[in-house]
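To keep things clear, I will list the structure first and then write my remarks on it.
Coordinate-derived values only; no laboratory data. In this text, all values refer to a predicted model and were calculated from it rather than measured experimentally. Here Cβ is always computed from backbone atoms with ideal geometry, including for glycine, and neighbour counts include all displayed protein chains.
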Amino acid sequence: MSSAIRVCLFDEFGSDSGPFAAPFEKIDQIEIVGTFKSWDSLQATLLLSDVDVVAVNLDGPGSLDVVARVGKLSHECPVIGISTATEANGIIKAMRAGCAQYVCSPVDVDDLRNAVLRIRPSRLRGSHTCKRVCVIGSSGGSGATTIACNLAMELAHLTERRTALIDLNLEYGDVCCAFDCAPKYSIADICGENVELDHDTLGAALHDLPCNVSVLARPQNIEDARQVTPEGLEQMFRLLAERFGYIIADLPRSYSFLSAVAVGRAEATLIVAQLAVPFIRNASRIYECLLQMGADPERVHVLLNRCNAEYERLTLKDVENHFRKPVFGVVPNDYEFVSAALDLGHPIGADSPTSKARAAIQDIARKLAPEAIVVNPRGQSSGLLNKLLGRKPKAAAPSRA
Ligand SMILES: Nc1ncnc2c1ncn2[C@@H]1O[C@H](COP(=O)(O)OP(=O)(O)O)[C@@H](O)[C@H]1O
Ligand SMILES: [Mg+2]
């Protein structure tokens, strides 16, 4: 992770490298993400990139509105207001709108540096330990929901941290069907316009499964999908990050601002495809679309599902050459176990711990959570049974080196 403080500049009059940007360019610790003139372009960047601070030229007529919008969209991203106004009234207005710091213009570079360092972003304080993983199917039936559900369980199992599983297929999602549950509340109840979400309301909407996974369902009525707003979703992800170690989001294929919110701060986005031309073709389109939206190519991966070497004409190498990067994971076709699990409304692991598909998904979970290997090296429960029996997990043999 870069240790530079990533700053977006908002200046209704300005352009890149204009006078507003000049003092920021003189501060070594700062990386300027871009200069924005409209809320729409700033919003898209805030949704898709890691931004630590927004600096707003408060002399513009729409600037206080932008300060308030940044606060609403991303509570983790503080705003520095910069203005030629020096009277108390202007400063109070800026602080009330949501500025964390106020710097007078013309800007003294040391003063600006102090203001930026004083609001040292949470990303660099290391307080943010939640990882978000998005899963998108390249075509219907790729296995995205199967992977998302099982990945959530394996991450929870491997890391012993509660994992949230969010069904963002707002119209036709089937995450709850995979777990055979029917929660009373859905994402539409908590991510709608003007909903001030808090931990109590979020907790009531989540359905806790015994496997240490909490599910947030899609709405029951298709038309209620429209109630979900990007701001509501961002607010929900922020609260989820405070209480969960991992968040898995099962995404629809359709592109929307909602998907952009989910992908924007994701540690990884997995495009699930199968080894056949139509799947790979769509996976390419989704890959390109995510990159155009500003997603970091190092965080977008292709994952192959239902692989069966006997039947396929494409090879793993073909896919890797096509995307010019290694495939993130390969899950074999394991129809017997996977379909039985779904019919029974259970995750694969519950009924068939020896399933090859399950083993592959466990490998993917380990790759996504290398930090967890210290806690639980083999993905075995270090666990409950041992604790109940008072056994200690076996320690690794000391090295003789
Ligand atoms: N690795 C696998 N082996 C066998 N069947 C699978 C596998 N992964 C998924 N399936 C089956 O494929 C079908 C579609 O899976 P699903 O996860 O709903 O796809 P998507 O969410 O991409 O539409 C389901 O019937 C599921 O049981
Ligand atoms: Mg699905």
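Some observations on this one:
- Remark: the Cα gyration tensor places segment 5-125 in the rounded category, a/c being less than 1.5.
- With R₀ fixed at 60 Å, the C-beta to C-beta distance from R96 to A276 puts the FRET efficiency at about 0.55.
- Cα centroid of segment 260-325 to Cα centroid of segment 153-167, whole Å: 23
- Most mobile listed residue (Y311, Y335, Y172) in the chain, GNM with C-alpha springs under 10 Å: Y311
- GNM result for the chain, Cα springs below 10 Å: residue of E234, E171, E223 fluctuating most strongly: E223
- Cα centroid of segment 92-119 to Cα centroid of segment 178-239, whole Å: 36
- Selected from A97, A22, A357 as most flexible by GNM, with the chain as the system and alpha-carbon contacts under 10 Å: A22
- Fraction of beta bridges assigned by DSSP in the chain that are antiparallel (%, nearest 5): 5
- Non-local Lys pairs in the chain, i.e. 8 or more apart or on different chains, that have alpha carbons under 19 Å apart: 6
- Residue-averaged [θ]222 nm for the chain, counting only DSSP H segments that reach four residues, each worth -39500 (n - 2.57): -11000 deg cm²/dmol
- Gain on full stretching of the segment that runs from E371 to Y335 - 0.36 nm per residue minus C-alpha separation: 9.8 nm
- Computed extension length for D174-D108: 18.2 nm, one decimal, from 0.36 nm per residue of separation with the Cα-Cα distance subtracted.
- Rg/Rh ratio calculated on Cα atoms of segment 145-248 (Kirkwood radius): 0.94
- The chain, Cα convex hull volume normalised per residue, Å³: 186
- Scanning residues 5 or more positions from T269 or on other chains, those with amide H under 5 Å from its amide H are C134, V300, H301, with H placed 1.01 Å from N in the peptide plane.
- Residues D208, D50, D167 arranged by fewest to most Cβ contacts within 10 Å: D208, D50, D167
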